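Every number here is computed from the coordinates shown, using simple stated rules; none is lab data. Computed from a prediction, not measured in an experiment: that's the story for all the values here. Glycine also receives a Cβ, built like all others from the backbone with ideal geometry; neighbour counts cover every protein chain displayed.
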Amino acid sequence: MKTYPIVAGNWKMHKTPNEGILFVKKTVNMLLDIQKVTIIFSPPFTTLFELDVEAPFYLGAQNCHWESQGAFTGEISPEMLVDCGVEFVIVGHSERRHVFHESDEWINNKVHAVLNAKMKSILCIGETLEDRESNQTKSILSSQLSKGLNGIKSLENIVLAYEPVWAIGTGKTASIEQIEEAHQLIRSELQKDFSTEESQNVSILYGGSVKDDNARELISIEGVDGFLIGGASLKAESFTAIARNVEQQMKETI
Ligand code: 13P
């Protein structure tokens, strides 16, 4: 069964704990009537540990290590996140892959660790502009997908996010055709390793310059089950407007 669409904010390295607490309070108050959308706040760890929210609002972490504990200076384990009420963990974000050089193997370790800790993993995949221009999009997406999900037996606690690297923070959104094609490709690749039902029902989010003024159009694309939002998730007005657009689309399609 399909779950409700997801509107997930990835704050990246923004907002102090005090700013974050006020922001979440304001946003939740603005969205009290939301019924058919799952809303995720993914602040930096320092803010995450200060927050407490209830459904349909959830806490997401932007990263974690795969070990439970140990000599890993600067890292946070899945168990530490669980203890703080975190239910989703973003894994393999393009900034982790490209700025911090995380390998597919590390990303796969993290997916396993998140699931073992009974959280849900938001696995991000996406091609660079160079990949797209050299016709590598398909092979990059299928490689990131199969390596990221290596050894995973069920998609039950997996959410995928298609984030073309060239659309992140650039104001350039992928076209409707590009998004539809990528989401279809992801589902058909998944069918090689998972059941048709799981592959059809897994949530695939789009991320990359999602704003309040394009959310409505983007959420109506076949195969798009929600958004992972950077810049526009930092302002209550734009983030709530996106959530409302998604809710409206849900109501109209039921
Ligand atoms: P922007 O929405 O700022 O393009 O960022 C997208 C993103 O990286 C979400 O994870």
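A few remarks follow.
- Dividing the Cα radius of gyration of segment 133-173 by its Kirkwood radius returns 1.06 for Rg/Rh.
- Förster radius 35 Å - calculated FRET efficiency between Asp213 and Asn157, Cβ distance, rounded to 0.05: 0.60
- For the set Lys26/Lys118; Lys26/Lys251; Lys147/Lys172; Lys138/Lys235, the pairs lying more than 31 angstrom apart at their alpha carbons are Lys138/Lys235.
- R0 of 41 Å, Cβ-Cβ distance Met1-Thr73: FRET efficiency to nearest 0.05: 0.45
- Annotation: amide H of Cys84 has no partner in the under-5 Å range at sequence separation 5 or more or interchain, hydrogens built in the peptide plane.
- In a fully extended conformation the segment linking Ser134 and Glu54 would gain 24.3 nm over its present Cα-Cα distance, using 0.36 nm per residue.
- 19 Å tail of the calculated P(r), segment 180-238, as % of Cα pairs: 36
- For segment 14-112, convex hull of alpha carbons as volume per residue, Å³: 115
- When Glu247, Glu222 are sorted by how many other C-beta atoms sit within 10 angstrom of their C-beta, beginning with the fewest, the order is Glu222, Glu247.
- Each principal axis of the Cα cloud of the chain was taken in turn, and the coordinate range along them, longest first, works out to 49, 44, 34 Å.
- FRET efficiency, 1/(1 + (r/R0)^6) with R0 41 Å, evaluated for Met30 and Ser143 via beta carbons: 0.55
- J(HN,Hα) series, segment 115-131, from Karplus relation 6.51 cos²θ - 1.76 cosθ + 1.60, nearest Hz, glycine and proline x: 5, 4, 8, 6, 10, 9, 9, 9, 8, 9, 9, x, 8, 7, 4, 4, 4
- As a proxy for reagent exposure, Tyr162, Tyr4 were ordered by neighbouring Cβ count within 10 angstrom, fewest first; the result is Tyr4, Tyr162.
- Fewest-first ranking of Ser203, Ser143, using other Cβ atoms within 10 Å as the exposure measure: Ser143, Ser203
- Extension gain for Lys118 to Ser195 (0.36 nm times residue separation, less C-alpha to C-alpha distance): 25.6 nm.
- Alpha carbon centroid spacing (whole Å) that separates segment 185-254 from segment 1-75: 17
- Where a label projected 7 Å from the Cα of Val99 along Cα→Cβ would reach, residues of segment 39-53 with amide N under 13 Å: 44
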